[in-house]
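Working notes, beginning with the structure itself.
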Amino acid sequence: MAKTNESKLYNLIKTNIENVHFMRIESYTEQGIPDVNACFNGKEIWLELKCNTAKNLGLSKYQIVWIMRRVKHGGSVWIANRPPRQRATFFYRGSLVRGHGISANEQPTFVVGPNDLTWDAAKVILWP
């Protein structure tokens, strides 16, 4: 079975951000839960993985609601998007998500890639 682009993105993040406990989440009980929970130095974050060029990053209405609720209660949620045929990963803070999702005009919070931040720098941003 071939790996999906999201699986490849998960492995890329897990391989390059060291000393973090990552757990891939596959939930059939509640729709909208992000793909990954990660903990470092007692701080947890949630990551929604996307690999597309879709408007709104392809967030479902369930994902939008889940992210907005978690952020409202102080949770740390990020959307990581690595569009096909790109060598950069774009990270969006969950607080950018509104009732319609993320605006097409919204700039990423940060970018990891050849001409941008390193994975070590990303770790510092994700777990301040």
Positive-end residue of ALA54, CYS39, VAL77, charge dipole of the stretch 31-91 with Cβ unit charges: ALA54
Stretchable slack from GLN86 to ASP116, in nm (0.36 nm times residue separation minus alpha-carbon distance): 9.5 nm
Using each residue's phi in the stretch 58-63, evaluate 6.51 cos²θ - 1.76 cosθ + 1.60 at θ = phi - 60° and report the 3J(HN,Hα) Karplus result to the nearest Hz, with x for Gly and Pro. x, 5, 7, 4, 5, 5
Sorted from largest down, what three extents in whole angstroms do the Cα atoms of the chain have along their principal axes? 34, 33, 33
Going by amide H atoms built from the backbone, whose H comes under 5 Å of the H on GLY101, apart from near neighbours? none
Under 15 Å from LYS14, Cα to Cα: aspartates and glutamates that are on another chain or at least 8 residues apart: GLU6, ASP35, GLU44, GLU48, ASP120
When the Karplus curve 6.51 cos²θ - 1.76 cosθ + 1.60 is applied with θ = phi - 60°, which whole-Hz ³J(HN,Hα) does each residue of the stretch 12-28 get, with x for Gly and Pro? 4, 5, 4, 6, 8, 10, 8, 6, 10, 8, 9, 9, 6, 10, 10, 10, 10
Residue of TRP66, TRP78, TRP46 that the Gaussian network model of the chain assigns the largest fluctuation, springs spanning Cα pairs under 10 Å: TRP66
Can you tell me which of 49-56, 83-90 comes out highest on packing, and rank the rest after it, using the mean Cβ neighbours within 10 Å? 49-56, 83-90
Under the Karplus relation 6.51 cos²θ - 1.76 cosθ + 1.60, θ = phi - 60°, what is the ordered set of whole-Hz ³J(HN,Hα) values for the stretch 42-48, x standing for Gly and Pro? x, 10, 9, 10, 10, 10, 9
As a test question: what accessible area, to the nearest 10 Å², does LEU96 have when a 1.4 Å probe is rolled over all protein chains in place? 40
Amide H neighbours of PHE110 under 5 Å, counting only residues 5+ apart in sequence or on other chains, H built in-plane at 1.01 Å? PHE91
Note down the nm distance, to one decimal, between modelled labels 7 Å out along Cα→Cβ at SER7 and at GLU30. 2.7
Counting only residues 5 or more apart in sequence or on a different chain, those whose built amide H sits under 5 Å from that of TRP78 are TRP46, LEU47, GLU48, GLY94
Quote to one decimal, in nm, the extra length available between GLU18 and PHE40 on full extension: 0.36 nm per residue of separation minus the C-alpha distance between them. 7.0 nm
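The values are calculated or read from the model by the stated rules, or taken from the named source; none is laboratory data. As the structure is a prediction and not an experimental result, all values here were calculated from the model. Cβ coordinates were reconstructed from backbone atoms using ideal geometry, including for glycine residues, and neighbour counts include every protein chain displayed. Calculation scope for accessible area: heavy atoms of the full protein, side chains included, ligands and nucleic acids excluded. Shrake-Rupley method; radii C 1.70, N 1.55, O 1.52, S 1.80 Å.
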